Amino acid sequence: MKRNSVLELGVGIFMLAGILGLVFLGLRVSGLGVGMPSDTFTLNANFSNIGGLRPDAKVTMSGVRIGKVTDIELDQKWFDAKVVMELDSQYDGKLSEDTTAAILTSGLLGEQYIGLTVGGAPDTLHDGDVIRDTQQALVLEELIQQFVSNMAN
Amino acid sequence: MIDRIASLGRATLDVLAAIGRAGLFLFHSIVCLPSREGIYLWIRQMHFVGVMSMAIVVVSGLFIGMVLALQGFTILVGFGADEALGQMVALSLVRELAPVVAALLFAGRAGSALTAEIGLMKATEQLTSMEMIGVDPLRRIVAPRLWAGFVSLPILTVIFGVVGIWGGYLVGVKWLGVYDGSYWSNMQDSVSFVGDVLNGIIKSLVFGLVVTWIAVFQGYDLIPTSEGISRATTRTVVYASLAVLGLDFILTALMFGDLG
């Protein structure tokens, strides 16, 4: 079999394009980061109702993305939802202790995410701390129920 | 009456025999030690099956991504959710459209050519002559083509997906004015590498094997006349397309069915 270098070059470029495409799909499309876990810190927050919040939902402050939700489980002691968040480590020790967390909805029917708002306390939150002051998700049915019962009065 | 039943039995046995022949054929072709010469043959086929299919895959990927973004935008903007455009384009491309459409194009572009090529070799008795001089046509002709199809379809699928997402970006962000950051960040939030990208590639591996298998088997098994070649080429495209669509449903049910 005679070797044909033009042909081999073509196949090589083809394979390379496939690998580069896979890297693009990994990094740009699915947002895989290299060494991401090392530069984050964890905060917990307990909500009485998380609505439709799911793991991987974003955590924002003033609309700027600063982290994501990693885990949601039922707190067996208080029977409310315990949400574990991973925040960018540059905010470690910057958020005041009385920071509040609220579950917000993007748009009318969009996905749900967590919005943090800083308070004024001098002490700050560190890795593993719990946010006490939380606001539960807005559940449309409850809102309509309230509206109807107000109308009835 | 007895004749009818006998003909039904004959038809069933024919189908079963064809499936058995196809299975043995696949087994004999792919189970062999790689050789230096085999690799050159494989590279030659990679060029024909993969590299030459790039143009059609890139152009179709671009247009499908663009039309997805256009359609998605007009629907999503009604809910005020046009930021979710990137997510919609990426998920539908990576999970479904890239593996399936690339496999259908591949069946039409490369599969039919493989069938016709091997069929003509059979009709002109090249395959028999090879056997006469002691060269196994399964190793020499069929195996490189099977491996080339198996390897190149996943690559074509990845390229299709990337070009489609870029096409969606062109229409959504550059033309319709979706915010650049939310196009990519919504996409990154919702697409998971293992759950979506890798499952799409697994799909395309299965499709690559099935489409090439059908194509080379139809070529190898046809009646060696000009009519036989034309029938077999048609059968390749029809069977391969149906197999891709049917398998896609089964694979989707296995991969995403229990996500709820």
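The values are calculated or read from the model by the stated rules, or taken from the named source; none is laboratory data. Quantities reported herein were computed from a predicted structural model and do not represent experimental measurements. Methodologically, a virtual Cβ is constructed for each residue, glycine included, from the backbone with ideal geometry; neighbour enumeration extends over all protein chains shown.
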(message) Cβ contacts < 8 Å: first residue closer than 14 Å to residue A:21 by Cβ, restricted to region B:156-181; second residue surrounded by 15 or more Cβ atoms within 10 Å (Cβ to Cβ) and aromatic (Phe, Trp, Tyr), any location; separation 6+ or different chain. Result?
(response) B:156/B:106; B:162/A:24
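For every residue, the table says whether it meets (1) within 21 Å of residue A:104 (Cβ to Cβ); (2) more than 14 Å from chain B (Cβ to nearest Cβ); (3) out of contact with any strand residue (DSSP E or B) (no Cβ under 9 Å at 6 or more places or on another chain).
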position	(1), (2), (3)
A:5	no, no, yes
A:8	no, no, yes
A:12	no, no, yes
A:15	no, no, yes
A:19	no, no, yes
A:46	yes, yes, no
A:55	yes, no, no
A:68	yes, no, no
A:71	yes, yes, no
(request) Select, from B:202, B:214, the only residue that is within 14 Å of another protein chain (Cβ to nearest Cβ), in contact (Cβ under 8 Å) with a residue 12 or more places away in the chain, in a helix (DSSP H, G or I) and closer than 24 Å to residue B:247 by Cβ. (result) B:202
(request) Inspect all residues belonging to region A:96-110 and state whether any of them is closer than 17 Å to residue A:60 by Cα, touching a residue at least 60 places away in the same chain (Cβ under 8 Å) and assigned to a loop (DSSP other than H, G, I, E, B). (result) no
(request) Identify the residue in region B:60-79 that is touching a residue at least 40 places away in the same chain (Cβ under 8 Å) and of a type in the set (Phe, Trp, Tyr) and, among all such residues, is farthest from the other protein chains (Cβ to nearest Cβ). (result) B:63
(request) Using the structure shown, decide if residue A:25 is surrounded by 12 or more Cβ atoms within 10 Å (Cβ to Cβ), at pLDDT 90 or above, closer than 19 Å to residue B:166 by Cα and within 12 Å of chain B (Cβ to nearest Cβ). (result) no
(message) Which condition from (1) in contact with a Gly (Cβ under 9 Å, 6 or more places away or on another chain); (2) surrounded by fewer than 24 Cβ atoms within 10 Å (Cβ to Cβ); (3) touching a residue at least 24 places away in the same chain (Cβ under 8 Å) is the one that residue B:191 breaks?
(response) (2)
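Residue by residue, here is whether (1) closer than 30 Å to residue A:21 by Cβ; (2) more than 25 Å from the chain's Cα centre (by Cα); (3) within 14 Å of chain A (Cβ to nearest Cβ) holds:
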residue: B:10; (1), (2), (3): no, yes, no
residue: B:15; (1), (2), (3): no, no, no
residue: B:25; (1), (2), (3): no, no, no
residue: B:30; (1), (2), (3): yes, no, no
residue: B:43; (1), (2), (3): yes, no, yes
residue: B:48; (1), (2), (3): yes, no, yes
residue: B:58; (1), (2), (3): yes, no, yes
